[in-house]
Amino acid sequence: MDPHGDGHAENGRHDSDGEGDDTNGPLPKRPRPSPPISAAEIRDEFSHHDPTVARINNGSFGSCPGSVLAAQLWWQRLFLRQPDDFYFNRLQPSILRSRALIKDLINADDIDEVSLVDNATTAAAIVLQHVSWSFTEGHFNKGDAVVMLHYAYGAVKKSIQAYVTRAGGHVIEVPLPFPVTSNEEIVQEFRKALELGKSNDRKVRLAVIDHITSMPSVVIPVKELTNICREEGVDKVFVDAAHAIGSIEVDMKDIGADFYTSNLHKWFFCPPSVAFLYSKKSRASSNLHHPVVSHEYGNGLPIESGWIGTRDYSAQLVVPSVMDFIDRFQGGIEGIRKQNHDKVVEMGKMLAESWRTCLGSPPDMCASMIMVGLPGCLGISCEKDSLKFRSLLRDRFHVEVPVYHRPPKDGENWSSAVTGYVRISHQVYNAEDDYIRLRDAINKLVQDGFNCTKLPSS
């Protein structure tokens, strides 16, 4: 049975009876979509997770249900059984089906606007490579600006340094407040950065805007910031939305950015690693190229990305299987998003109340992750403290959660200020006990008089 092949599965979906063809064996049976999926079925789908760990960090690496992993294995074995047939007859039509599903999900105009790549970091390299060439080929003037948020993902910052700064571009970071109380705080700082970017007769060639910042995690008003870029004459807008699809509404026509990327393996249940890159049809998008050059170079980014040499493409091929899994939930992807948002806010408020701290943002500025302040007495005074404290929670309490250090603001008391935050996630496999374990671990450390000065120096 071919889960995607013509004549074997309607619209690229698996046959519901699970019967296989003679060449590759059967794909494990999956129930027909009949929402709602039961709690027992969810536990079974994620039974490969370590049961001893309270895993409240879906944001970092995502999660993939067992039925999708089974589909991935089917694709991998199909390739290994007859690689030549797979390459010549199966790979590109199957990638095309995945792209078509993503195109509809994100409300893009044309399937040629959607490419599948390894991750959002690769997508950023594609966009920033084009910017770099524009500087070196004289289309942009030395000193023209690229604006990005201060809380941009670290790898994207490094890419901007590698591609833009080295080519002669001037980089401006938008300082963002944290904790944050309203979108207006972000908008004001963004406008200031654009004014700075346009000073000295410079042009702002690109704005890099996160849809959901990684650490600290805050939902950014990307539509409003994109509109401001249009008003202020910014050439192009690139939205780095690594955490977006599956956790927040993603609509290309509504947002209006030139480039937009999101990982499919974080909140959309694909196996690692796969992301989409949307590039609005334009002269600029026709000049985008994958940084790994193969024999498809010059045939358009979607085709270039569909073959970058011999590798495992299976993560790009299971999107139809992911849709089957999502269809088992009441309300589909919208229902999952709402459930995750409501539960992460509820758990965040529970933790903040227990620890007598605060949330890092209002509920309407979070999606499926939220920042929760840690008691100031824990003494998280630097980035190294946050990493060591995270390891302590993992090793002693079997809780997996990222920890963020926020330097005290002027006038704050160093001994009592909230300088540490946890970023909690909620995904369909999480249970309230996961968050209770975190709550109790922090309360025990406080009760025992723990301080980060007691952590080993190495």
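Conditions tested, residue by residue: (1) touching a residue at least 12 places away in the same chain (Cβ under 8 Å); (2) out of contact with any strand residue (DSSP E or B) (no Cβ under 8 Å at 6 or more places or on another chain); (3) open to solvent by 30 Å² or more (accessible area, probe 1.4 Å); (4) not in a loop (DSSP other than H, G, I, E, B).
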| site | (1), (2), (3), (4) |
| --- | --- |
| Pro51 | no, yes, yes, no |
| Gly59 | yes, no, no, yes |
| Ala71 | yes, yes, no, yes |
| Leu78 | yes, yes, no, yes |
| Asp85 | no, yes, yes, yes |
| Arg90 | yes, yes, yes, yes |
| Ser94 | yes, yes, no, yes |
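Taking the stretch 389-398 as the range and being out of contact with any Asp or Glu (no Cβ under 8 Å at 6 or more places or on another chain) and either under 25 Å from His243 (Cα atoms) or assigned to a loop (DSSP other than H, G, I, E, B) (or both) as the test, the residues that pass are Phe389, Arg390, Ser391, His398.
Can you tell me which residue in the stretch 194-210 is nearest to Ile228 (Cα to Cα), limited to those that are of a type outside the set (S, T, N, Q) and open to solvent by 80 Å² or more (accessible area, probe 1.4 Å)? Steps first, please.
Taking the stretch 194-210 as the starting set, the residues that turn out to be of a type outside the set (S, T, N, Q) are 194-198, 201-210.
Pick out the ones that are also open to solvent by 80 Å² or more (accessible area, probe 1.4 Å) and you get 195-196, 201, 203.
Working: Glu195: 11, Leu196: 14, Asp201: 19, Lys203: 15 Å.
The residue in question is Glu195.
So that you can scan it fast, the table gives a plain yes or no per residue for (1) open to solvent by less than 60 Å² (accessible area, probe 1.4 Å); (2) among the small types (Gly, Ala, Ser):
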residue: Phe397; (1), (2): yes, no
residue: Arg406; (1), (2): yes, no
residue: Val418; (1), (2): yes, no
residue: Val422; (1), (2): yes, no
residue: Asp433; (1), (2): no, no
residue: Lys444; (1), (2): no, no
residue: Gly449; (1), (2): yes, yes
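Can you work out which of the residues in the stretch 281-303 that are over 23 Å from Leu78 (Cβ atoms) and free of Cβ contacts under 8 Å to residues at least 40 places away in the same chain is surrounded by the most Cβ atoms within 10 Å (Cβ to Cβ)? The selected residue is Val292. Taking the criterion of being in contact with a Ser or Thr (Cβ under 8 Å, 6 or more places away or on another chain) and either at pLDDT below 90 or open to solvent by 50 Å² or more (accessible area, probe 1.4 Å) (or both), the only residue of the stretch 177-193 that qualifies is Thr181. Considering the conditions (1) modelled with pLDDT under 90; (2) touching an Asp or Glu at 6+ places or on another chain (Cβ under 7 Å), Thr165 is excluded by exactly one of them, (2).
Is it true that Leu225 is crowded, with 21+ Cβ neighbours inside 10 Å, in contact (Cβ under 8 Å) with a residue 40 or more places away in the chain and not small (Gly, Ala, Ser)? Steps first, answer last, please.
On the way: crowded, with 21+ Cβ neighbours inside 10 Å: yes; in contact (Cβ under 8 Å) with a residue 40 or more places away in the chain: no; not small (Gly, Ala, Ser): yes.
In short, no.
Evaluation of Lys103 against the conditions (1) open to solvent by 10 Å² or more (accessible area, probe 1.4 Å); (2) touching a residue at least 60 places away in the same chain (Cβ under 8 Å) shows that the sole unmet condition is (2). Residues in the stretch 106-117 that are open to solvent by 40 Å² or more (accessible area, probe 1.4 Å) and either of a type in the set (D, E, K, R) or on the phi > 0 side of the Ramachandran plot (or both): Asn107, Asp109, Asp110, Asp112. When the stretch 154-197 is filtered for residues that are over 21 Å from Cys366 (Cα atoms) and assigned to a strand (DSSP E or B), the ones remaining, listed by number, are His170, Val171, Ile172, Glu173.
Can you name every residue in the stretch 346-383 that is assigned to a helix (DSSP H, G or I), of a type in the set (Gly, Ala, Ser) and either closer than 26 Å to Val250 by Cβ or at pLDDT 95 or above (or both)? Before the answer, list the steps.
Keep residues of the stretch 346-383 that are assigned to a helix (DSSP H, G or I), which gives 346-355, 363-365, 376-378, 383.
When the remaining residues are screened for being of a type in the set (Gly, Ala, Ser), the result is 348, 352, 354, 376.
Gly348, Ala352, Ser354 - these are the residues of the stretch 346-383 that are assigned to a helix (DSSP H, G or I), of a type in the set (Gly, Ala, Ser) and either closer than 26 Å to Val250 by Cβ or at pLDDT 95 or above (or both).
The residues in the stretch 126-151 that are surrounded by fewer than 23 Cβ atoms within 10 Å (Cβ to Cβ) and closer than 30 Å to Pro179 by Cα can be counted, and the count is 2.
When the residues of the stretch 312-335 are filtered to those that are in contact with a Gly (Cβ under 7 Å, 6 or more places away or on another chain) and part of a helix (DSSP H, G or I), the one that is nearest to Ala39 (Cα to Cα) is Ile326. Got a number for residues in the stretch 159-176 being under 19 Å from Tyr404 (Cβ atoms) and open to solvent by 50 Å² or more (accessible area, probe 1.4 Å)? Selection size over the stretch 159-176: 2. Does Ala120 fit the bill of being crowded, with 20+ Cβ neighbours inside 10 Å and within 30 Å of Arg337 (Cβ to Cβ)? Considered against the rule, which asks whether it is crowded, with 20+ Cβ neighbours inside 10 Å and within 30 Å of Arg337 (Cβ to Cβ), Ala120 comes out as yes.
For the stretch 337-357, filtering for residues that are under 22 Å from the mean Cα position of the chain (by Cα) and crowded, with 17+ Cβ neighbours inside 10 Å leaves 9. Applying the selection to the stretch 230-262, what residues are open to solvent by less than 10 Å² (accessible area, probe 1.4 Å), out of contact with any Ser or Thr (no Cβ under 6 Å at 6 or more places or on another chain), closer than 17 Å to Asp104 by Cα and part of a strand (DSSP E or B)? Once the filter is applied, which keeps residues that are open to solvent by less than 10 Å² (accessible area, probe 1.4 Å), out of contact with any Ser or Thr (no Cβ under 6 Å at 6 or more places or on another chain), closer than 17 Å to Asp104 by Cα and part of a strand (DSSP E or B), the stretch 230-262 yields Tyr260, Thr261, Ser262.
The values are calculated or read from the model by the stated rules, or taken from the named source; none is laboratory data. The shown structure was predicted, so the numbers you read here are calculated from the model rather than taken from an experiment. Here the Cβ is made from the backbone with ideal geometry for all residues, glycine too, and neighbour counts use every protein chain on show. We work out accessible area using only protein heavy atoms, side chains counted, and drop any ligands, DNA or RNA first. Shrake-Rupley method; radii C 1.70, N 1.55, O 1.52, S 1.80 Å.
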